[in-house]
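For reference, the structure discussed in these notes is given below.
The values are calculated or read from the model by the stated rules, or taken from the named source; none is laboratory data. In this text, all values refer to a predicted model and were calculated from it rather than measured experimentally. Cβ coordinates were reconstructed from backbone atoms using ideal geometry, including for glycine residues, and neighbour counts include every protein chain displayed. Please note that ligands, DNA and RNA were not included when accessible areas were found on the heavy atoms of the full protein model with its side chains. Shrake-Rupley method; radii C 1.70, N 1.55, O 1.52, S 1.80 Å.
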Amino acid sequence: MSLLSFLGFKKEDEEKRSLENPAETPAGLADLIQADIDMRATREEALTLPAVASCLQFIAGAVSGMPVRLYRKMEDGGKEEIDDYRTQLLNRETGDTLDAVQFKRAMVIDYLLNGAGYAFVNWKSNKVQSINYVAYENVSPVTNSDPVFKAVNYWINGHRYYDYQILRILRNSDDGMEGHGILKENQALFSTMFKALRYEHSTIGSGAKRGFLKSSRHLDKDILKALRLAWAKLFSGDNSVVVLNDGLDFQEIGTTATENQLVDNKTINNNSVYAIFGIPTGLFSDNPSSETYLQAIRTAVLPVARALENALNKFMLLESEKDKLFFTLDSSAITEADTMTRYQCYEIGLKNSWLTVDDIRKRENMLPVGMDFIKLGLDAVLYKPQTGEIYTPNTGVKANINDAAAPPKDSTNLKGGGNDESGNSQ
């Protein structure tokens with residue numbers, strides 16, 4: 001069935017197309033709809049593109065490998081890590097068929113491609129029993145129509161779930177309910193790249209030289225059929241040679257200008273995909289620099305990790321806990337520099353007294369040895385602004401700046417007859 005028939009138009013209804021508005025005629029409308037369909041790339045088609053798959057593998061792999069940590073805010077402005085059952089759910093067993101790494105990976109891929117990653121938070125008596133990933137296509141948000149006081153419920157497999165039950169990370173969202181994914185925002189680019197990949201496969205996928213056979217005489221149907229079968233066997237691996245009878249000649253077709261342009265466009269389109277995902281073009285080269293890698297982490301990975309952190313803090317904490325506790329994704333492993341750079345940083349930290357030996361050993365996954373002292377230089381004078389205390393390690397003297405005697409208002413204006421500093425009268 002043609003698209004025109006599907007739309008309900010009869011063949012006799014076709015009219016001459018209008019150049020000003022092609023959609024004025026049934027045929028023109030059908031062409032416009034078909035053109036729009038042809039410009040759409042499905043999720044499966046996008047995942048077959050090497051550039052897209054590489055970007056997703058890098059970002060999702062980095063985020064899914066980050067351990068989730070829970071911290072408590074301290075009164076002095078610091079923080080301390082606490083052991084909580086929810087970090088076990090987010091780092092090991094989710095209570096679902098997916099483990100924690102697979103869960104985070106699936107959420108990130110849905111977030112990037114479709115604009116939203118969903119999971120059901122299984123609360124039982126103020127305790128999370130499990131966190132269950134839900135595929136994007138299975139979730140249907142139903143919202144009220146109020147643009148100010150927005151509210152949403154979610155329908156999954158015929159069941160209604162409340163807002164607080166559905167953990168979600170949304171990309172480029174303008175309502176906090178639905179997001180906009182890379183796939184929808186770049187339909188034309190992905191569709192073009194997929195069609196170019198399919199064309200490349202059809203032209204050179206068989207390994208056959210492209211060309212045509214020339215004959216000096218007319219060939220009947222039986223000869224043409226036998227020739228086609230022999231040619232098919234040659235490139236299917238069933239035969240190693242085709243014998244051309246007298247009067248037949250094979251003429252190879254060289255590379256066209258269009259095909260050469262496709263090669264250039266392939267590089268340009270790949271770079272466009274890298275830019276969409278926030279990845280430097282040199283990351284997937286043979287020998288990327290550490291600076292290129294760290295730039296990719298900053299621009300492509302960390303924004304996704306921060307989005308997941310915010311979702312965890314919103315949906316995995318009780319209201320009474322939100323002022324005291326917060327989740328973070330530990331990115332120290334993926335942002336870690338090479339060994340020499342790290343050791344130089346540790347040296348600076350020790351020298352400037354903001355790291356201890358045990359701090360460094362813990363960062364390097366080594367057992368602490370009890371060296372938790374901060375080095376102080378004997379030539380330093382320590383001052384605590386909150387209390388005004390001053391301590392000199394070299395002499396062991398403690399003082400307070402607030403206890404110092406105030407100097408005379410004007411030591412040069414001494415009255416006559418008084419004594420100078422030496423005790424002599426003036």
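Cβ-Cβ distance of Asn144 and Gln102, R₀ of 41 Å, FRET efficiency by 1/(1 + (r/R0)^6): the value works out to about 0.75. Estimated at 0.36 nm per residue, the fully extended path between Thr48 and Thr267 surpasses their Cα-Cα distance by 77.2 nm. For Arg198 and Trp155, the difference between the fully extended length at 0.36 nm per residue and the C-alpha to C-alpha distance is 11.8 nm.
Put simply, when 152-162, 181-191, 324-334 are sorted by average Cβ atoms within 10 angstrom per residue, most first, you get 181-191, 324-334, 152-162. When all protein chains stay in place and ligands, DNA and RNA are ignored, the 1.4 Å accessible-area order of Cys55, Cys345, largest first, is Cys345, Cys55.
A probe of 1.4 angstrom, applied to the heavy atoms of all protein chains, finds Thr335 with accessible area near 50 square angstrom.
When all protein chains stay in place and ligands, DNA and RNA are ignored, the 1.4 Å accessible-area order of Ile279, Ile223, largest first, is Ile223, Ile279. Distance between the pseudo-spin-label points of Glu137 and Asp174 (7 Å out from Cα toward the beta carbon): 2.7 nm.
Between Tyr383 and Asn126, the FRET efficiency from the beta-carbon distance, with R0 = 45 Å, is close to 0.45. Rg and Dmax of the range 301-370, based on Cα coordinates, read 16.4, 45 Å.
Solvent-accessible surface (1.4 Å probe) assigned to His201 amounts to roughly 130 Å². Using the Cβ-Cβ distance between Lys324 and Trp354 with R0 set to 22 Å, the FRET efficiency works out to roughly 0.30. With θ taken as phi - 60° and the Karplus curve 6.51 cos²θ - 1.76 cosθ + 1.60 applied, the whole-hertz 3J(HN,Hα) list for the range 163-169 is 3, 5, 8, 10, 5, 8, 10 Hz, x standing for glycine and proline.
For the range 301-377, the Cβ-based charge dipole about the Cα centre amounts to some 100 debye (Lys, Arg positive; Asp, Glu negative; other atoms uncharged).
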